[in-house]
Amino acid sequence: MTSSTLPLFDQSNATVPAQIRSFPVSETVALYGPESLSDAQIIEAMLNRVRPGRAEEILRQVENLGRLVALGPAELQALGLTKGEMARFAVLQEVQRRSTRSLERPRISSPRAAGSYLLPKVQGWTEERFGMLALNAKGELLADRILSQGTATATLISPREFFREALRFGATTALAWHNHPSGDPTPSREDLALTTRLRSAGESLGVPLADHVVLGSDRWHSFRASEGWDSH
């Protein structure tokens, strides 16, 4: 943390003595706890380049802190953040993701279980991202990885990249997923073609594709369920 100073509370908080309003963030948190910081102050604490009003300007553009934490690299860069600042927000995303996981390994043994696990994590995302769940023979989650981030309408991934990452975690099966920022999980022709390629590659490698789940705003599409893989 730099030696920059941040006001402690809003001016409306009459219970806070004026002389502590200019404490550095580290001292403020030590004395009063992180809950004493406003959203703008938290943003400012994450920035390299501190100038008056910059954090408030960023907050106005994104509307709330939760949406800021969910933004992808391209969107953070559009806000004028440096690579170091973008990295800090990426760390916040990862901390948030890990803190919401169960201490026990989730079991992804059905399309419904996959959708229920994945849907909450994509809420608020405005870029398409493609990920992989590495699973063991019991369907227990070994790893949850985002492999590609794209634009508002597309992302790119190859079967080679997908299964290389799955094999790195010793997966018995691997589940592919991606989100549609539009909120509609209806798969595209590209989604269908990629699913076919992933299934073929998985069979060749001995690591079957468990499913390909497309996530919308409040529902999902499972290729396994819609194409009846279990009945073949």
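Backbone geometry of segment 86-92 corresponds, through the Karplus equation with coefficients 6.51, -1.76 and 1.60 at θ = phi - 60°, to 3J(HN,Hα) couplings of 4, 5, 5, 6, 5, 5, 4 Hz, x marking Gly and Pro.
Tell me the net charge near Asn136. Cut-off is 12 Å between Cβ atoms, Asn136 excluded, with +1 for each Lys or Arg and -1 for each Asp or Glu. Intermediate values should be presented prior to the final figure.
Working: positive: Arg105, Arg107, Lys138; negative: Glu140.
So the surrounding residues net to +2.
Other residues lying with their Cβ under 11 Å from the Cβ of Glu57 contribute a combined charge of +1, Lys and Arg counting +1, Asp and Glu -1.
Ranked by the mean number of other Cβ atoms within 10 Å per residue, highest first, peptides 127-137, 202-212 order as 127-137, 202-212. Summing Lys and Arg as +1 and Asp and Glu as -1 over all other residues whose Cβ lies under 15 Å from the Cβ of Arg168 gives a net charge of 0. When Rg and Dmax are taken over the Cα atoms of segment 165-232, they come to 12.4, 34 Å.
Just so you know, all these numbers are worked out from the coordinates, no wet-lab data involved. Quick caveat: nothing in here was measured; it's all calculated off a predicted structure. With ideal geometry, Cβ positions are generated from the backbone for all residues, glycine too; neighbour counts draw on all protein chains shown.
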